[in-house]
Amino acid sequence: MKKYMSLVLFAHSIFALPFAIIGFFLAIKTTEHSFDWKKLLLMLVCMVAARNAAMAFNRFLDRDIDAKNPRTAMRDIPAGKISANSALTFTIINCFLFVAATYFINTLCFYLSPIALFVVLFYSYTKRFTPLCHIVLGVGLGLSPIGAYLVVTNHFDIVPIFYGIAVMCWSGGFDIIYALQDEEFDKANGLRSIPAYFGAKKALRISELLHVLSFVFVLLPAFYMPVGLFYYLGIAFYGLLLIYQHRIVSPTNLSRVNRAFMTTNGVASVVFAACYLLDIIF
């Protein structure tokens, strides 16, 4: 189990999971639906299973690329910790688990489950032919608040879509920053990341634009529903961490990319979600 958790970088679940929690409790706060432990548990199962499938499939598909890249050569499959077939089997099991969980939620979630799986799995191919790969990753993560809202309500609404777009821009932006580390490797191997396609300086500008859009879409729900002081504190903290992330990374200094990627983004999502929940309670 420890090896599989390492394969899918389970700790990185912290990025999208807080926004799924927001989507779930947004539905309870703004509709007539009441809290249901069963739905919350099924939503968490869906989140974990979909992410496990996406990460394991990405590691399976990129195993040869990872083996050639000095930065990723020690990942689980190239290093021989887990076989490629085991990673693929793990992917398939989690796909079935995801679909099975949606079956017990509601019909809309069940019918949409193959589309959701296609999005999160398709991302692994995109770096081979389009620099928009970071946006595709963002779309996959951006489904989390929308899907969590559907778990409770069985219908779409504009506010969870705002959160979905915010997550898409936020995660796409920080994935561009993370990809700066592989700019030269991607160029040499025909991979179409935004840093490889546009260069580090322009890539950071694109990342900044995406993060500005993310901040805007986190703010927009305040015009569609009543919010209090804690919500605005969460927005302020979220914005400050986005600014901090871009202050510590530059085209000539990538030494703090991991801090920007893991620590800053993890804290941003957790604190914003905590402020949202406090706003509901008080």
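The values are calculated or read from the model by the stated rules, or taken from the named source; none is laboratory data. In this text, all values refer to a predicted model and were calculated from it rather than measured experimentally. Here the Cβ positions follow ideal geometry from the backbone for every residue, glycine too, while neighbour counts run over all protein chains shown. Please note that ligands, DNA and RNA were not included when accessible areas were found on the heavy atoms of the full protein model with its side chains. Shrake-Rupley method; radii C 1.70, N 1.55, O 1.52, S 1.80 Å.
When 104, 185, 162 are screened for being closer than 27 Å to residue 239 by Cβ and not hydroxyl-bearing (Ser, Thr, Tyr), only 162 passes. In the set (1) under 17 Å from the mean Cα position of the chain (by Cα); (2) modelled with pLDDT of 90 or more, the condition left unmet by residue 261 is number (2). Taking the stretch 15-72 as the region of interest, none of the helices (runs of 4 or more DSSP H) fully inside it holds 3 or more residues being at pLDDT below 95, crowded, with 21+ Cβ neighbours inside 10 Å and charged (D, E, K, R).
Of the residues examined, residue 79 is one that is small (Gly, Ala, Ser) and either surrounded by fewer than 23 Cβ atoms within 10 Å (Cβ to Cβ) or over 18 Å from the mean Cα position of the chain (by Cα) (or both). Taken over the stretch 138-163, the residue count meeting the criterion of being within 11 Å of the chain's Cα centre (by Cα) and surrounded by 23 or more Cβ atoms within 10 Å (Cβ to Cβ) is 7. Would you confirm whether any residue within the stretch 208-226 is among the charged types (D, E, K, R) and modelled with pLDDT under 95? There is no residue in the stretch 208-226 that is among the charged types (D, E, K, R) and modelled with pLDDT under 95. Answer yes or no: is there a residue in the stretch 153-168 that is within 26 Å of residue 64 (Cβ to Cβ) and at pLDDT 95 or above. No, that holds for no residue.
Of the set (1) at pLDDT 95 or above; (2) outside any helix (DSSP H, G or I), all apply to residue 76 but (1).
Quick one: which residue in 101, 87 is small (Gly, Ala, Ser), open to solvent by less than 50 Å² (accessible area, probe 1.4 Å) and at pLDDT 95 or above?
101
Taken over the stretch 103-132, the criterion of being outside any helix (DSSP H, G or I) and either more than 18 Å from residue 62 (Cβ to Cβ) or small (Gly, Ala, Ser) (or both) is satisfied by 104, 105, 106.
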